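Have a look at the structure below, then the notes.
Bear in mind that the values in this text are calculations on the coordinates, not laboratory data. All of these numbers come straight from a predicted model, not from anything done at the bench. Positions of Cβ are generated from backbone atoms using ideal geometry, with glycine treated the same way; all protein chains shown enter the neighbour counts.
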Amino acid sequence: MPGVEIASITKEFAGGVTALDALDLSIEDGEFFALLGPSGCGKTTLLRTIAGLEPATSGSLHIGERDVTALPPGERNVAMVFQDYALYPHMTVRENIAYPLKVKKVARQQRNEEAEGAGGSLSLDALMDRRPGQLSGGQQQRVALARAIACRPDVFLFDEPLSNLDARLRLEARGFLKQLQHDLATTAVYVTHDQSEALALADRMAVMELGEIRQVGTPAALFHRPANLFVAGFIGSTPMNLITGVVGASGVAFAGGVLPVAETSAPHGADVVYGIRPEYVGLAGPGETLAGSVKVTENLGAQFLVTVELGEAQIRATVPEGEEPQIGDRVGVMPDARRALLYDAANGTLLA
Amino acid sequence: MKPFVHRVLFAGSASLVGAFFALPMLWLVFAPFDESPSLSAAVPRPPTLSNFGDLFDNPQVLRSLGNSLLLVGGVVGLVLIVGAPAAYVLSRIRFPGRNLFLYMLLLLSSVITGAAAIVPLYLLIFGLNLIDSFSGVTLALAGGMLPASIFILKDFTDSIPRSYEESARVFGASTFQALRDVVFPVVRPGLAVIAVWTAVQVWGNFLVPFILLRTPDKSPAAVLMYSFYTEGGQPNLRLISAFSLLYTVPILVLYIFVNRRYGFRFHGGIKR
């Protein structure tokens with residue numbers, strides 16, 4: 001299975017809006033790659049550029065060994081699953097799945113067999129003669145997947161395919177999608193604005209902002225060592241604590257005290273942003289060096305998210321259920337020094 | 001008992017209102033079969049077909065219905081062939097002044113075939129040397145129907161997500177294939193609505209063919225009806241009633257056919 005090689009792709013829309021700014025990205029064979037970012041960051045434009053629906057202003061695009069930069073969408077051998085699934089309402093499920101094969105002039109008999117096969121593998125057997133309007137959202141989503149599979153593409157392109165499903169079904173479809181991609185071992189590019197979806201699905205992922213890629217890596221790498229403040233703030237279902245301070249002898253000094261740091265190359269006196277995930281902040285008795293009063297507690301199910309006021313700053317910590325303090329309690333705060341990250345306050349990049 | 005009285009009163013008054021509107025229809029059903037019809041609806045005694053016999057003795061009757069069909073076919077064809085691509089382009093391509101253009105269309109749609117424009121329209125068709133020709137009438141009527149048709153068809157096309165065509169293109173379909181396989185079938189009920197609406201408008205249009213055609217042999221049915229007078233100068237109700245009934249049949253057949261074949265509905269998409 002071929003990968004996708006993107007070399008300094010730029011996309012400018014009429015009117016001078018730069019959606020993609022000289023992007024370089026290498027997506028490996030058989031990889032599940034997620035493009036993550038807020039709306040308007042260019043992730044969908046990048047996906048549409050790979051599909052060929054948007055011609056790139058400059059740069060080159062390879063799928064496997066083939067240079068597809070100038071090819072029309074139909075000759076790139078990619079299959080796209082749209083956010084609204086784009087199922088044709090006047091065709092049955094079978095005709096929908098077989099449509100790409102019809103375009104490729106496969107004989108009716110064979111394309112119906114292929115459609116049955118693809119539909120069967122997604123448990124659509126009983127629905128083959130229905131029309132999309134008679135299907136539930138989850139079933140429509142599976143028809144769209146079956147249609148993509150029936151093309152036997154080199155690359156799957158997913159444009160937020162789960163965002164039209166309700167929350168419970170989305171979790172189910174997510175696991176199913178990951179297993180399916182693993183079984184087919186076809187390269188997949190997956191666009192989403194939901195960081196938990198990207199973390200759950202991707203082998204590797206890229207976080208985009210304003211037409212640029214801010215970090216590429218495995219979900220674990222992006223979660224544990226975000227390369228800049230944007231990624232730090234974007235990834236994680238509970239936002240990372242980001243506290244501005246100055247590097248001192250024993251840690252990072254800020255208005256509410258001193259935050260512990262394991263070791264750092266940052267010079268003394270440097271202005272930094274201290275980042276630590278709430279999961280790595282513990283709470284203890286009020287005798288600790290860092291102590292403050294509890295402002296808010298939020299129930300997350302098995303855990304509580306506790307916001308503690310430290311001078312003018314706030315720090316959030318997660319504690320197991322049953323151990324949560326009461327609002328107004330004085331508690332000690334113990335950030336895990338080994339998990340702390342320091343960012344340059346001027347440009348927001350991670351300091352080693 | 002009170003709800004019962006209430007319902008009787010309601011049904012009674014609703015029947016009265018219904019009867020008021022049904023009376024002209026009743027006249028249309030009874031009068032053609034009456035030996036000497038008046039302007040009031042009365043059950044003919046005995047019913048007779050002699051009015052139709054007299055009607056068909058006039059060779060212009062069938063010819064005028066043929067002329068009407070010809071005009072309807074020409075105008076509907078022209079409106080669909082020109083209107084559908086125009087609506088598609090207006091729906092899919094953004095260009096400066098598009099909205100202004102659309103509002104102009106809506107404004108013009110009520111002006112062109114109206115009585116106000118009949119003099120310039122006559123001069124235009126005269127200048128084109130198309131007076132007393134079906135092409136002239138067809139062009140004038142199609143010109144009158146097109147603005148509103150384009151406007152309505154554009155709305156139909158707007159409701160087709162672009163992703164339909166885009167996904168077809170990703171699967172390798174050409175622009176033409178995507179239009180033929182995806183856009184056309186989805187927008188077909190919209191085309192059927194426009195076709196029937198145009199047909200009804202053309203079938204019933206009196207003014208434009210009356211002004212633009214000279215030869216009596218070219219008169220469509222709506223114009224011919226105007227010529228049914230007795231020797232005494234009174235409207236000939238025997239012929240008018242029989243012809244009126246005949247005149248409604250093609251439109252009814254068209255409506256039933258299109259509704260059966262295409263259905264005045266729109267394929268439901270997905271929740272969004």
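Using only atoms on other chains, find how many Cβ atoms lie within 10 Å of each Cβ of peptide A:64-75 and report the average.
Across the residues of A:64-75, the mean count of other-chain Cβ atoms within 10 Å is 2.
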Among A:ILE97, A:ILE327, A:ILE50: highest mean-square fluctuation, GNM of chain A, C-alpha pairs under 10 Å: A:ILE327
Candidates B:PHE171, B:PHE184, B:PHE210: whichever shows maximal mean-square fluctuation once chain B is modelled as a Gaussian network with Cα springs under 10 Å: B:PHE171
Paired Rg and Dmax values of the stretch B:58-262, which use every Cα atom, in angstrom: 19.9, 73
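Whole number please: convex hull volume per residue, Cα atoms of the stretch B:3-48, in Å³.
Details: hull volume 3.4 nm³, N = 46.
Convex hull volume per residue, Cα atoms: 73 Å³.
Suppose every Lys and Arg Cβ carries +1 and every Asp and Glu Cβ carries -1, with no other charges. What dipole size does the stretch B:58-262 come out with about its Cα centre, to the nearest 20 debye? Can you show the working numbers first?
On the way: 14 positive and 8 negative charges, 66 e Å.
Computed charge dipole of the stretch B:58-262: roughly 320 debye.
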Options A:LEU35, A:GLN110, A:LEU53, ranked by Cα towards positive dipole end of the stretch A:1-114, top entry (Cβ charges): A:GLN110
Whole-angstrom gap from the stretch A:1-79 to the stretch B:8-35, using each part's C-alpha centre: 68 Å
Per-residue average of Cβ from other chains inside 10 Å of A:177-190: 0
Vicinal HN-Hα couplings computed from phi for the stretch A:211-217 (Karplus, 6.51 cos²θ - 1.76 cosθ + 1.60; Hz; Gly/Pro x): x, 10, 8, 8, 6, 10, x
Between the stretch A:192-259 and the stretch A:119-186, the Cα center-to-center distance that results, in Å: 31 Å
Potential lengthening between A:THR57 and A:LEU210 on full extension [0.36 nm per residue; Cα-Cα distance subtracted]: 53.4 nm
Chain A: radius of gyration over Cα atoms, expressed as a fraction of 2.2 N^0.38 Å: 1.19
Phi-based couplings in Hz for the stretch B:206-219 (Karplus 6.51, -1.76, 1.60; Gly and Pro marked x): 9, 4, 5, x, 4, 7, 8, 10, 10, 5, x, 5, 9, 4
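If we count every other residue with Cβ under 15 angstrom of B:LEU49's Cβ, Lys/Arg +1 and Asp/Glu -1, where does the sum land? If you can, show how the numbers build up before the last one.
Values: positive: B:ARG45, B:ARG238; negative: B:ASP34, B:GLU35, B:ASP54, B:ASP57.
Its environment carries a net charge of -2.
With r as the distance between the Cβ atoms of A:THR10 and B:PHE184 and R0 = 41 Å, compute the FRET efficiency 1/(1 + (r/R0)^6) and round to 0.05. It would help to have the intermediate numbers written out before the result.
Details: r = 36 Å, r/R0 = 0.88.
It comes to 0.70.
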FRET efficiency for A:GLU65 and B:ALA115, using Cβ-Cβ distance with R0 set to 51 Å, rounded to 0.05: 0.15
Chain B, relative contact order in percent, only Cα pairs under 8 angstrom and at least six apart counted: 28 percent
Kyte-Doolittle mean at least 0.0 and Cα axial length at least 24 Å: DSSP H helices in chain B: B:2-30, B:59-92, B:134-158, B:184-204, B:237-261
Under-5 Å amide H pairs with B:PHE171, H placed in peptide plane, nonlocal only: none
Span-like helix ranges in chain A, DSSP H, alpha carbon extent 18 angstrom or more, Kyte mean at least -1.0: A:137-150, A:167-184
Peptide A:91-102, shielding by other chains (average Cβ, 10 Å cutoff): 2
Size-normalised alpha-carbon gyration radius of the protein assembly as shown, reference 2.2 N^0.38 Å: 1.42
Residue among B:ILE194, B:LEU254, B:VAL119 farthest towards the positive dipole end of chain B, charges placed on Cβ: B:ILE194
Long-range amide H partners of A:MET208 with built H, under 5 Å: A:LEU36, A:GLY37, A:ARG214
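Order these peptides, A:224-232, A:335-343, A:67-75, by their mean beta-carbon neighbour count within 10 angstrom, highest first. Each step should come with its number before you reach the end.
Details: A:224-232: 20.1, A:335-343: 18.1, A:67-75: 16.3.
Final packing ranking: A:224-232, A:335-343, A:67-75.
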Helical mean residue ellipticity (222 nm; -39500 (n - 2.57) per DSSP H run of 4+; nearest 500) of chain A: -7000 deg cm²/dmol
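Using alpha-carbon pairs under 8 Å, 6+ residues apart, how would you state the relative contact order of the stretch B:26-184 in percent?
On the way: 117 pairs, mean separation 33.4, N = 159.
Relative contact order here is 21 percent.
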Dmax and Rg, reported as Rg then Dmax, of the stretch A:135-242 (C-alpha, Å): 14.9, 47
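Provide the percentage of antiparallel DSSP beta bridges, counting only those with both residues in the protein assembly as shown; round to the nearest 5.
Numbers: 59 of 77 bridges.
Antiparallel bridges: around 75 percent, rounded to the nearest 5.
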Euclidean distance between Cα centres, the stretch A:315-352 to the stretch B:74-103, Å: 60 Å
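Kindly state, as a whole number, the per residue volume in cubic angstrom of the convex hull around the alpha carbon atoms of the stretch A:54-146. List each step's numbers first, then the result.
Values: hull volume 11.4 nm³, N = 93.
Normalising the Cα hull of the stretch A:54-146 by residue number yields 123 Å³.
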GNM top mover of A:ASN77, A:ASN241, A:ASN299 - chain A, alpha-carbon springs below 10 Å: A:ASN299
Other-chain or far-sequence residues with amide H under 5 Å of A:GLY59's (modelled H): A:THR10
Estimated vicinal HN-Hα couplings, Hz - the stretch A:57-65 in sequence order (Karplus 6.51, -1.76, 1.60; Gly, Pro = x): 5, 7, x, 9, 9, 10, 10, x, 8
Unit charges at the beta carbon, dipole of chain B: most positive-side option, B:SER64, B:SER15, B:GLY136: B:SER15
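Relative to the Cα centre, what is the charge dipole magnitude of the protein assembly as shown, using +1 at the beta carbon of each Lys and Arg, -1 at the beta carbon of each Asp and Glu, and rounding to the nearest 20 debye? Working shown, then result.
Details: 49 positive and 54 negative charges, 483 e Å.
For the protein assembly as shown, the charge dipole is close to 2320 debye.
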Label point at B:PHE257 placed 7 Å out along Cα→Cβ; residues across the stretch B:195-209 whose backbone nitrogen lies under 19 Å: B:195-205
